[in-house]
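Right, one structure below, let's go through it.
The values are calculated or read from the model by the stated rules, or taken from the named source; none is laboratory data. Just so it is clear, the structure is predicted and the values come from calculations on it, not from any experiment. Here the Cβ is made from the backbone with ideal geometry for all residues, glycine too, and neighbour counts use every protein chain on show. Side chains included, ligands, DNA and RNA excluded: accessible areas come from the protein's heavy atoms. Shrake-Rupley method; radii C 1.70, N 1.55, O 1.52, S 1.80 Å.
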Amino acid sequence: MTDTTATSQADTARASELGAVARFLKATEIDTRMLGMIGALLLIWVALHVISSLRLGVNPLDFDSRTFLTPRNLWNLSVQTSAVAIMACGMVLVIVMRNIDLSVGSAEGLIGMVMGFAQVHFLVRFVGLELGNPWIWVLALVIGLALGLLIGAFQGFVIAYLEVPAFIVTLGGLLVWRGAAWWVTSGQTVAPLDATFQLMGGGPAGSIGATWSWVVGIVACLAVVFALFNGRVQRKRFRFPLRPIWAETLLGVVTCAVIMGAVWLANSYPWPIGIVNRYAAANNTVPEGGLFIAHGIAIPVLMAVAVGLVMTFITNRTRFGRYVFAIGGNPEAANLAGINTRWITMKVFMIMGVLATIAAAISSARQNSSTNVLGTLDELLVIAAAVIGGTSLAGGSGTIIGAMLGALLMQSLQSGMVLLGVDSPLQSIVVGAVLVIAVWLDTVYRKRV
């Protein structure tokens, strides 16, 4: 009898605890899948840090500069994630509409090669602009954006109006655009790129420094507070249920803490000693105790965040975004409702082409060259990021922030394996396995819902 009573009390306590968690999630309106993804990301970071520390024979709590959880490694991780995260934003819309784009990596490579050729050869030799001309990088980027838009429009037209399956069209694009990238320069690497163009790749010069990073962080926190306040006003206006004040406050505090923590982390990574010494010598500045110059937030990270915000606004606050999800949920019903499904499909692939251009600019600027391997297998990382971020291959559901977190998770795995000295074939095995597991989990989740 005593055992039965104890079991009953334990069950009651467990039910009460689960009820409290459920009430908390309902009050804060936190997406459980997103919360689970953040938890998985933090778990991966801790695991990689501990393994790298044990491999080097150092205490994980010492945060040695060669381990995973260090300002240097996390700063580089943010830069490496930027290009994939930007393309993942577009891939969300593509997959939501029950399509796929296997050509994004090859398109990125072709566009990067064309922009590099424009800077080094076309604009200098044929147009007559001098090296260092401030218009070179602008014109090269415009050429890249036009090419990306054309590639997306062409593929979207074939898919939407000629009714060729997206899988076949983009699989053909994967081969065609990769071959075209080689054809532009007959396989030769194009370098060096314009100095201003290189800023989009990050590095000491491609960062905004400590002061401006704090300014960006403060502005971002003010934007979060305004968004929460405005959201509450709009809910009152349309008589929607309101979140409790404590929930609003908690969301604001946690979000701002994450933002300012990220800024602090970016400002904790100094310039390399060689660059600092050259800077000190050029400016005749050698303070006692050395010179600490923080990188701050990298420009490609700011570009990725800007793309994420714009794409979130498009998907959540525009008629076009609602149409995309409506088509993905039920294409036949959307067509009967008067939505021009073909034109929407074409526009989605055009957006994908533009985002591939931005990713190509970041990747080529980071390498200071345009090579034939640029963007190789990026299509795998982009699709994996979108799916891991909660975008359903069945269509109709997905989030931009989820895809960007998925890109960070995929890049964390890849960077961690490089740090641990894992062979490249094994890295591919892990990435492929993670993608399959993510799709399986999505299937299980949809069945339960």
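Figure the gain on full extension for ASN340 and TRP182 (residue separation times 0.36 nm, minus the Cα-Cα span) and round it to one decimal in nm. Each step should come with its number before you reach the end.
Working: separation 158, 0.36 × 158 = 56.88 nm, distance 3.70 nm.
Answer, rounded to one decimal: 53.2 nm.
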Students often get this wrong: which residues of the range 248-288 have the backbone nitrogen under 20 Å from the point 7 angstrom along Cα-to-C-beta of LEU222? 252-264
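What is the calculated FRET efficiency for ASP62 to ARG319, with r their C-beta to C-beta distance and R₀ = 56 Å, to the nearest 0.05? Present the calculation step by step, with values, prior to reporting the outcome.
On the way: r = 54 Å, r/R0 = 0.96.
With a Förster radius of 56 Å, E is 0.55.
When the accessible area of the chain is computed with all protein chains present and a 1.4 Å probe, what percentage of it is carbon and sulfur? Write out the running numbers ahead of the final one.
On the way: 15820 of 23280 Å².
Carbon and sulfur together cover 68 percent of it.
Averaging sequence separations of C-alpha pairs under 8 Å and six or more residues apart, then dividing by the length of the chain, give the relative contact order as a whole percent.
The value is 31 percent.
Once the Cβ-Cβ distance between VAL310 and THR376 is put in as r, and R0 is 30 Å, what FRET efficiency do you end up with, to the nearest 0.05? Before the final figure, lay out the partial values.
Working: r = 27 Å, r/R0 = 0.91.
Approximately 0.65, to the nearest 0.05.
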Evaluate the distance, in nm, between pseudo-label points positioned 7 Å from the Cα of SER428 and of ARG23 along their respective Cα→Cβ axes. 5.4
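For the range 186-334, what is the relative contact order in percent, using Cα pairs closer than 8 Å and at least 6 residues apart in sequence?
On the way: 106 pairs, mean separation 46.4, N = 149.
It rounds to 31 percent for the range 186-334.
Count neighbours as other Cβ atoms within 10 Å of each site's Cβ, and list the trypsin sites (Lys or Arg not before Pro) in the range 63-134 that are DSSP loop with at most 14 such neighbours. Walk me through the numbers before you get to the answer.
Numbers: sites: ARG66, ARG72, ARG98, ARG125; in loops: ARG66, ARG98.
When the trypsin sites (Lys or Arg not before Pro) of the range 63-134 are filtered for loop state and at most 14 Cβ neighbours within 10 Å, ARG66 remain.
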Mind checking the per residue accessible area of the range 187-339 for me, 1.4 Å probe, whole number of Å²? 60
Using DSSP H assignments, which helices in the chain have an axial alpha-carbon span of 20 Å or above and a mean Kyte-Doolittle hydropathy of 1.0 or higher? 32-56, 71-96, 135-160, 166-185, 245-267, 299-317, 400-419
Where no second cysteine Cβ lies under 4.7 Å, the cysteines concerned in the chain: CYS89
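For an R0 of 56 angstrom, estimate the FRET efficiency from the Cβ-Cβ distance between ALA281 and PHE229 and round to the nearest 0.05.
0.65
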Answer with a single label: of [x] -0.82; [y] -0.94; [z] -0.69, which was calculated as log10 I(q)/I(0) by the Debye sum over Cα atoms at q = 0.10 Å⁻¹ from the structure in view? [x]
Under 22 Å from LYS447, Cα to Cα: lysines that are on another chain or at least 8 residues apart: LYS26
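So for the range 294-400, averaging the separation of alpha carbon pairs under 8 Å that are six or more residues apart and normalising by length, what relative contact order in percent results? Please report the intermediate quantities before stating the final value.
On the way: 53 pairs, mean separation 30.0, N = 107.
Normalised by residue count, the contact order of the range 294-400 is 28 percent.
May I ask you to compute the full-extension gain from ARG239 to LEU35, defined as 0.36 nm times their residue separation minus their alpha-carbon distance, rounded to one decimal in nm? Intermediate values should be presented prior to the final figure.
Numbers: separation 204, 0.36 × 204 = 73.44 nm, distance 2.77 nm.
Contour length minus the Cα-Cα distance gives 70.7 nm.
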